[in-house]
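*Asks:* Have a look at the structure that comes next, please.
The values are calculated or read from the model by the stated rules, or taken from the named source; none is laboratory data. Just so it is clear, the structure is predicted and the values come from calculations on it, not from any experiment. Neighbour counts run over all protein chains shown; Cβ positions are idealised from the backbone, glycine included. SASA here: full protein model, heavy atoms, side chains in, ligands and nucleic acids out. Shrake-Rupley method; radii C 1.70, N 1.55, O 1.52, S 1.80 Å.
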Amino acid sequence: MADQKTIKRKTFECSGKLKQVMADHFLELDRASQSGDSKIAWCSSVGPAELLRGMGFLVYYPENHGAMLGASRMAADVIPYANAEGYSPDICSYLTSDIGAFLQEKTPLTKAYNISAVPRPDVLVFNTNQCRDVKDWFAWYSRHFNVPLVGVHTYREIGEIGYDQIKEIAKQIEDLIPDLEAAGGAKFDMDRFKEAVGLSKKTSQLWRACLETASAVPSPWTFFDATIHMAPAVVARGTQAGVDYYEILLKELKGRIKGGIAAIEGEKHRLYWEGMPIWGKLRALSEQLSGLKACVVASTYCNTWIYEQLDSAKPFESMAQAYTELFIVRDEAYKEQYIQECHDLYQFDGIIFHDAKTCPNNSNNRYGMPERLRGNTGVPALIINGDLNDLRCYSEEQTKTNIEAFIEQLEEGMV
Amino acid sequence: MASPIFTGVDIGASRTKVTILDPQKNLIGRAEKKSGTDFSDTAVSCLESALKMANRSRTDIVKTVSTGYGRNNVTFSDRTKTEIGCHAKGCYFHFPKAITVIDIGGQDNKVIKLDEKGNRISFKMNRKCAAGTGAFLEEMSMRLDIPLEDMDSLARKATEQVELGSYCTVFSATEVLEKIRQGKKVPDIVKGLYLSVIKRLLEMDALGDTVVMSGGVVAYNPYLVKMVEERIGREVLVPDFPQYSGAFGAALFAMEGGI
Ligand code: SF4
């Protein structure tokens with residue numbers, strides 16, 4: 001029978017370092033926002049961060065702030081204010097919680113770092129590779145602060161990516177330079193840019209190595225750990241701080257494997273998480289799954305921040321390639337193949353698809369993929385309905401029962 | 001000394017059911033009641049009625065398994081199983097082959113697929129809306145001001161097809177008002193409501209060859225099963241006392257002591 005004890009996650013020794021990296025990131029932004037000493041670019045999470053770093057901008061990621069609003073459960077209180085401004089409850093709840101929080105002059109940065117407000121942008125930079133919502137989201141702030149909004153429009157839903165497509169996106173990235181210079185960035189310096197690309201690549205390689213330690217049986221960490229430890233891969237990519245952090249984390253993970261330390265004692269089931277995290281319920285889900293001896297060993301979400309295509313010898317082109325070859329940009333056939341390859345590596349015995357009400361872009365269960373994957377790999381899937389931030393779309397009781405029943409199903413299969 | 005007995009308790013969102021099995025897996029006692037607000041009290045009172053029917057006492061119980069929304073509130077339970085597992089178990093006992101179980105509960109529906117050995121291949125629970133569940137029919141019986149227990153006989157008298165298209169219970173209620181305004185007859189509307197429940201069920205998952213239906217709605221609305229048969233063009237199997245399938249499955253788990 002599925003054991004129902006809930007078990008807390010094991011803490012990492014490097015958690016203190018993680019807190020430091022994040023504190024440095026936000027405090028530096030806050031100082032710059034107040035003093036005006038450095039220019040600040042807001043960037044979508046898979047936007048052209050390396051170029052911004054290369055032009056001397058400090059980079060702030062609103063999606064990271066969105067995730068903090070979700071994890072701190074502030075989202076539920078502030079989303080309605082954005083809804084009331086005409087931003088539908090059906091669109092991205094990062095967007096609605098972030099704008100709602102701004103309207104209410106609230107931010108989780110206050111409690112975490114004693115910072116009273118998000119940093120003021122000098123320019124907003126998006127890439128539509130992930131969705132259109134980021135552009136509409138940033139457009140709101142562009143109007144509010146009266147600062148320029150620039151970005152890259154990427155092809156969507158693509159299988160094979162042609163050289164012409166990469167060239168065209170690379171051109172779009174390069175074409176941002178005059179606007180960024182006008183917005184106060186330093187004069188474009190190719191060497192500095194290449195350095196940022198190189199550091200970003202290194203961060204990616206280390207992050208991938210960290211994630212792949214979960215192919216060990218038992219796994220040294222879970223998806224729930226990774227959602228926390230991935231923060232520097234998002235906000236500190238293109239910096240030495242990002243590289244340094246993942247060297248430390250990787251060492252600790254390897255140490256866990258060597259010492260036989262499992263994230264879940266008596267790991268019995270290995271799962272894949274497809275879709276967005278449910279930020280406000282990470283702990284509850286993690287504890288329930290631990291109690292059931294189920295370890296979520298891999299996820300599409302955490303894998304997103306791997307950009308190994310980056311190459312400082314051809315920075316524009318390689319950036320275009322890295323940010324277009326992403327899972328979220330691709331067609332169903334590619335995505336299916338990708339998850340099958342993850343299955344080969346991580347040897348999971350079940351997949352949890354999170355159908356996030358407000359993010360169709362990350363809800364890959366909607367076009368029959370769970371059924372097709374089951375047919376191809378024999379791996380059963382569970383679909384849970386929820387949302388990244390809007391817990392009005394989530395039934396905790398129903399989800400818990402579904403997860404418990406899914407583990408029962410996997411156990412029956414083991415008899 | 002009396003032979004041992006095994007108990008299954010299913011605390012659903014709407015009703016609580018208790019079954020008692022003898023070692024030969026005969027259903028010798030059963031009871032059901034509104035779940036109310038004190039699940040643990042309701043479970044005890046159902047247990048007492050079921051024991052009375054079986055003419056047994058609590059000391060004869062070897063093991064109890066509880067299931068359903070309130071499964072963790074049963075003080076006398078030895079362990080819990082999900083309602084998905086229990087409905088599957090209960091239905092497979094009656095029809096031991098590859099089956100698709102459709103369970104219509106008070107607040108959720110389940111479609112569970114089992115292979116010929118009774119192992120679950122997949123399951124789906126309905127999403128967040130009550131549309132298609134017992135709660136939907138309850139709400140509509142109130143709107144139409146007809147007793148819930150009269151719905152089945154009314155639906156059988158329908159002469160005209162009334163279509164209700166909406167996903168949502170509130171929208172459906174508006175549609176019902178619209179039909180009344182148009183002068184549609186109550187039996188036709190009730191049949192339309194059944195049809196709407198069936199549509200919600202059939203869109204949940206593709207069905208296998210052998211379909212079994214369980215749950216309280218099936219027990220009290222047998223005409224709905226007949227309509228499903230017409231819709232899918234084949235016979236639908238229904239166990240005895242379909243409202244007890246979950247509790248029956250729980251009692252079987254109690255007997256197994258296995259997973
Ligand atoms: S990908 Fe989804 S969660 Fe991310 S910004 Fe776009 S809509 Fe929001």
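*Asks:* Using a 1.4 angstrom probe on protein heavy atoms only, which residues from the range B:94-141 are buried by at least 30 Å² of accessible area when all chains are present rather than their own chain alone?
*Replies:* Checking the loss per residue gives B:Asn119, B:Arg120, B:Ile121, B:Phe123, B:Lys124, B:Met125, B:Arg127, B:Lys128.
*Asks:* Heavy atoms only, probe 1.4 Å: what % of the accessible area of the range B:96-238 goes to carbon and sulfur, would you let me know?
*Replies:* Using a 1.4 Å probe with all protein chains present, the range B:96-238 comes out at 52 percent carbon and sulfur.
*Asks:* What distance in nm separates the simple spin-label points at B:Arg143 and B:Arg234, each placed 7 Å from Cα in the Cβ direction?
*Replies:* Between B:Arg143 and B:Arg234, the label points sit 3.4 nm apart.
*Asks:* Next question, about the same structure. Please quote Rg/Rh for chain B to two decimal places, taking the Kirkwood radius as Rh and restricting both calculations to Cα atoms.
*Replies:* Taking Rg over the Kirkwood Rh, I get 1.00.
*Asks:* If you don't mind, another one. Working out 0.36 nm times the residue gap between A:Ala284 and A:Glu13, then minus their Cα-Cα distance, what length gain in nm do you get to one decimal?
*Replies:* Stretched out fully, the A:Ala284 to A:Glu13 stretch lengthens by 95.3 nm.
*Asks:* Tilt of helix B:186-202 relative to the longest C-alpha principal axis of chain B, in degrees (0 to 90, nearest 10)?
*Replies:* 60 degrees
*Asks:* Need the list of aspartates and glutamates near B:Lys199 for cross-linking: C-alpha distance under 17 angstrom, and skip anything on the same chain fewer than eight residues off.
*Replies:* B:Asp103, B:Asp108, B:Glu163, B:Glu175, B:Asp188, B:Glu229, B:Glu230
*Asks:* Moving to a separate point now. For B:Lys185, which lysines qualify as cross-link partners when the Cα separation must be under 17 Å and same-chain residues fewer than eight apart are set aside?
*Replies:* B:Lys157
*Asks:* While we're here: Take every residue in peptide B:76-86, count the Cβ atoms of other chains within 10 Å of its Cβ, and give the average of those counts.
*Replies:* 4
*Asks:* Here is a further query. The range A:292-363 to the range B:201-220: how many Å between their Cα centroids?
*Replies:* The two parts, judged by their Cα centres, are 36 Å apart.
*Asks:* Between helix B:169-181 and chain B, what is the angle of the helix's C-alpha long axis to the longest principal axis, kept within 0 to 90° and rounded to the nearest 10?
*Replies:* 40 degrees
*Asks:* Over all residues in A:397-408, what is the mean tally of Cβ atoms on other chains that come within 10 Å of each residue's Cβ?
*Replies:* The shielding value for this peptide is 5.
*Asks:* Can you list residues whose amide H is under 5 Å from B:Thr16's amide H, if they're 5+ apart or on another chain and H is modeled 1.01 Å from N?
*Replies:* Correct list: B:Lys33, B:Lys34, B:Ser35.
*Asks:* On a C-alpha basis, how far is the centre of the range B:100-143 from the centre of the range B:22-89 in Å? Whole number, if you could?
*Replies:* Spelled out, the Cα-based centre of one part sits 21 Å from the other.
*Asks:* Another one. Viscosity 1.567 mPa s, temperature 4 °C: what is the translational diffusion coefficient of the protein assembly as shown from Stokes-Einstein with a Kirkwood Rh over Cα pairs, rounded to a whole number of µm²/s?
*Replies:* In µm²/s, the coefficient is 47.
*Asks:* First check a/c for the range B:96-238, with a ≥ b ≥ c the square roots of the eigenvalues of its C-alpha gyration tensor; if it is under 1.5, answer rounded, and if not, answer prolate when a/b is larger than b/c or oblate otherwise.
*Replies:* Prolate, because a/c is 1.5 or more and a/b exceeds b/c.
*Asks:* Give me the distance in nm between label points sitting 7 Å out from Cα along the Cα-to-Cβ direction at A:Lys258 and A:Asp311, one decimal.
*Replies:* If labels sit at A:Lys258 and A:Asp311, their model points lie 3.4 nm apart.
*Asks:* Still on this structure, I have one more. Determine which aspartates and glutamates satisfy two conditions relative to A:Lys201: a Cα distance under 12 Å, and not lying fewer than 8 residues away in the same chain.
*Replies:* Cα-Cα hits under 12 Å: A:Glu50, A:Glu308, A:Asp311.
*Asks:* Which entries of A:Lys281/B:Lys34; B:Lys34/B:Lys226; B:Lys89/B:Lys113 have Cα-Cα distances beyond 23 Å here?
*Replies:* A:Lys281/B:Lys34; B:Lys34/B:Lys226
*Asks:* Further question: Over the range A:16-189, with every protein chain in place, what whole percent of the accessible area is carbon and sulfur at 1.4 Å, could you tell me?
*Replies:* 48 percent
*Asks:* Let me ask something else about it. Okay, which of the range B:120-164 sit inside 16 Å, backbone N to the point 7 Å along the Cα-Cβ direction of B:Tyr220?
*Replies:* Residues B:132-155 qualify, since their backbone N sits under 16 Å from the label point.
*Asks:* How much length would be gained if the chain were fully extended between A:Asn114 and A:Asp191, taking 0.36 nm per residue of separation minus their Cα-Cα distance, in nm to one decimal?
*Replies:* The A:Asn114-A:Asp191 span can extend by a further 24.1 nm.
*Asks:* In peptide B:60-72, what is the residue-averaged number of other protein chain Cβ atoms found within 10 Å of each Cβ?
*Replies:* Per residue, the number of nearby Cβ atoms from other chains is 1 on average.
*Asks:* Of A:Lys167/A:Lys357; A:Lys187/A:Lys251; A:Lys17/A:Lys39; A:Lys19/A:Lys135; A:Lys268/B:Lys63, which sit over 32 Å apart, Cα to Cα?
*Replies:* In this structure, A:Lys167/A:Lys357; A:Lys187/A:Lys251 exceed 32 Å between Cα atoms.
*Asks:* Helix-derived [θ] at 222 nm for chain B: sum -39500 (n - 2.57) over DSSP H runs of at least 4, divide by residue count, nearest 500?
*Replies:* -12000 deg cm²/dmol
*Asks:* Kindly express, to the nearest 10 degrees and within the range 0 to 90, the angle between helix A:93-103's C-alpha long axis and the longest C-alpha principal axis of chain A.
*Replies:* 50 degrees
*Asks:* Run the simple label-point estimate for A:Gln104 and B:Ser57 please: 7 Å along Cα→C-beta, distance reported in nm.
*Replies:* Placing both labels 7 Å beyond Cα along the Cβ direction yields 5.9 nm.
*Asks:* Counting heavy atoms of the protein chains only and a 1.4 Å probe, report the per residue accessible area for chain A as a whole number of Å².
*Replies:* Result: 38 Å² of accessible area for each residue.
*Asks:* Next question, about the same structure. State the extension gain, in nm to one decimal, for the chain segment bounded by A:Arg392 and A:Ala139, taking 0.36 nm per residue of separation less the distance between their alpha-carbons.
*Replies:* That pair, A:Arg392 and A:Ala139, stretches by 88.5 nm at full extension.
*Asks:* Let me check against my output: what whole-number percent is the relative contact order of the range A:179-336, with C-alpha pairs under 8 Å and at least 6 apart?
*Replies:* 30 percent
*Asks:* Which shape class applies to the range B:1-130: rounded if a/c is under 1.5, otherwise prolate when a/b exceeds b/c and oblate if not, where a ≥ b ≥ c are the square roots of the Cα gyration tensor eigenvalues?
*Replies:* Cα axes put the range B:1-130 in the oblate bin.
*Asks:* Now a separate question. Note the buried accessible area between A and B here, summed over both chains, with a 1.4 Å probe, in Å² to the nearest 100.
*Replies:* Chain pair A/B: roughly 2100 Å² of buried accessible area.
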